[in-house]
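Structure record follows, encoded as structure tokens.
The values are calculated or read from the model by the stated rules, or taken from the named source; none is laboratory data. What you see is a predicted model, and the numbers here were worked out from it, not measured in a lab. When we count neighbours, we look across all protein chains shown, and the Cβ atoms used for this are built from the backbone with ideal geometry, even at glycine. SASA here: full protein model, heavy atoms, side chains in, ligands and nucleic acids out. Shrake-Rupley method; radii C 1.70, N 1.55, O 1.52, S 1.80 Å.
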Amino acid sequence: MRIAVAGGTGLVGAMVVEEVRRSGATPVVIARSRGVDLTTGTGLAAVLDGVDAVIDTSNVETMSAKRSVAFFETATGQLLAAGAAAGVRHHVALSIVGCDRVDLPYYLGKRRQEDLVAAGPLPWTVLRATQFHEFAGQIVDRSPRPIALGLRMRTQPIAAREVAVELVATAVDRPAGLLPDLAGPRPEAMDVMVRRVLRARGSRRVVVPVPMVGRAGRQTRAGGLLPGPDATLGRETFDEWLARA
């Protein structure tokens, strides 16, 4: 079985590629560094030739709703059209828990992606996952020194590797539409996670609490980023992940 991984050099995409190999299938990496551009379609036809399933973990770093929607609309449209032409039998998209009820700018792009996949020409599955354990460290790395931004938000984070395992298992199974949420074993506060990351790194950077304001803030405080009651839960807690990482 040949499984193409869009965004296969990113954080979770690279883990998906590893898991595809571990499963005995053959991974096909879709990334600009491999000569394939999702926004223009360059190289897609050739790379999808003979592919059985596509796992889309593609991403764009932006705080702009317009840019997020434009990216996912274009990239998803290109992937679906090229996949249909190549005879792909299963399209799997990684999405985010709460993207349908929290109006963060980036999430609007994920909503558009989900809509296109559901209305598209390929048999499909969408898996929504909560924020990764790795997200707290990414916040620290992107914060201007000597501070670290501590987002005031409740989430139920999961290890990216557990998401990768679930994505591959989903891809080799039958298309299932929208799956139950995938989340970590327990809720956490993101600002507390940031403090734990700094402590684990031995860093003295000062955590500056950043409340989420406006409509998205109200939606988040109402539990918008937490998984539903029928969610599939991962095993590794944030503290366990941090000790290992």
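Quick check, is residue 212 under 23 Å from residue 63 (Cα atoms) and modelled with pLDDT of 95 or more?
Values: under 23 Å from residue 63 (Cα atoms): yes; modelled with pLDDT of 95 or more: no.
The answer is no for residue 212.
Return yes when residue 167 is in contact with an Asp or Glu (Cβ under 9 Å, 6 or more places away or on another chain), surrounded by 15 or more Cβ atoms within 10 Å (Cβ to Cβ), in a strand (DSSP E or B) and touching a residue at least 60 places away in the same chain (Cβ under 8 Å) and no when it is not. Outline the logic, then answer.
Numbers: in contact with an Asp or Glu (Cβ under 9 Å, 6 or more places away or on another chain): yes; surrounded by 15 or more Cβ atoms within 10 Å (Cβ to Cβ): yes; in a strand (DSSP E or B): no; touching a residue at least 60 places away in the same chain (Cβ under 8 Å): yes.
Answer is no for this residue.
Inside segment 191-243, can you point out the residues that are charged (D, E, K, R), within 24 Å of residue 181 (Cβ to Cβ) and surrounded by fewer than 13 Cβ atoms within 10 Å (Cβ to Cβ)?
215, 230, 235
Quick one: count up the residues across segment 6-45 that are open to solvent by 20 Å² or more (accessible area, probe 1.4 Å), closer than 19 Å to residue 166 by Cα and in a helix (DSSP H, G or I).
So the count comes out to 8.
Applying the selection to segment 56-78, what residues are of a type in the set (A, V, I, L, M, F, W, C) and within 16 Å of the chain's Cα centre (by Cα)? Lay out the reasoning, then the answer.
Filtering segment 56-78 down to residues of a type in the set (A, V, I, L, M, F, W, C) leaves 60, 63, 65, 69-72, 75.
Of everything in segment 56-78, those that are of a type in the set (A, V, I, L, M, F, W, C) and within 16 Å of the chain's Cα centre (by Cα) turn out to be 60, 63, 69, 71, 72, 75.
Kindly indicate which of 116, 149 is in contact with a strand residue (DSSP E or B) (Cβ under 7 Å, 6 or more places away or on another chain), open to solvent by 30 Å² or more (accessible area, probe 1.4 Å) and not β-branched (Val, Ile, Thr). Full working, then the answer.
Values: 116 fails: in contact with a strand residue (DSSP E or B) (Cβ under 7 Å, 6 or more places away or on another chain).
Exactly one residue qualifies, and that residue is 149.
Taking into account only those residues within segment 46-55 that are over 23 Å from the mean Cα position of the chain (by Cα) and within 25 Å of residue 177 (Cα to Cα), which is most open to solvent (accessible area, probe 1.4 Å)?
Of all residues in segment 46-55, those over 23 Å from the mean Cα position of the chain (by Cα) come to 46, 49-50.
Add one more test, that the residue is within 25 Å of residue 177 (Cα to Cα), and what stays is 49-50.
Values: 49: 112, 50: 45 Å².
Among them, the one singled out is 49.
Looking at segment 56-68, which of the residues that are outside any helix (DSSP H, G or I) and among the hydrophobic types (A, V, I, L, M, F, W, C) is most open to solvent (accessible area, probe 1.4 Å)? Quick ask: steps written out before the conclusion?
Taking segment 56-68 first, the residues outside any helix (DSSP H, G or I) are 56-64.
After this cut, where a residue has to be among the hydrophobic types (A, V, I, L, M, F, W, C) as well, the list is 60, 63.
On the way: 60: 15, 63: 175 Å².
Only one residue tops the list, namely 63.
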